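Reviewing the structure listed below.
The values are calculated or read from the model by the stated rules, or taken from the named source; none is laboratory data. Note that the structure is a prediction, hence the values are computed from the model and not measured. Glycine also receives a Cβ, built like all others from the backbone with ideal geometry; neighbour counts cover every protein chain displayed.
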Amino acid sequence: MKNKKKQDKNKKNNQSKAELPEVGQPWLSKNSGLLIIAVTSISLGGWVAYQMIREGNTLEGILWGIAFAVTIWLVFFGMNWFHGLFRK
């Protein structure tokens, strides 16, 4: 009985390890990541612009929304550059 429980436990451990990506490998495809960042930056930029426009600052709200969306992309590309220095 104990032997069967050990076999079942080992099967579960092997199955869970097989589903995980190797260390250092991407867990998300590049296209999916770019799509997620695009949707996130546009939605957060729009939300920031809306909050500023609601207060009565139309032009300033649009500029802050664009700046916020661009900042998200700068962080993304900056981190890609930084990781590129160490992973060749």
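Values for this structure:
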quantity	calculated
Any chance residue 40 is at pLDDT 95 or above and polar (S, T, N, Q)	yes
Segment 43-75: number of residues that are surrounded by 15 or more Cβ atoms within 10 Å (Cβ to Cβ) and within 22 Å of residue 31 (Cβ to Cβ)	4
Residue list for segment 58-83, filter: small (Gly, Ala, Ser) and within 17 Å of the chain's Cα centre (by Cα)	69, 78
Residue in segment 56-76 that is aromatic (Phe, Trp, Tyr), out of contact with any Gly (no Cβ under 7 Å at 6 or more places or on another chain) and closer than 30 Å to residue 23 by Cα present	yes
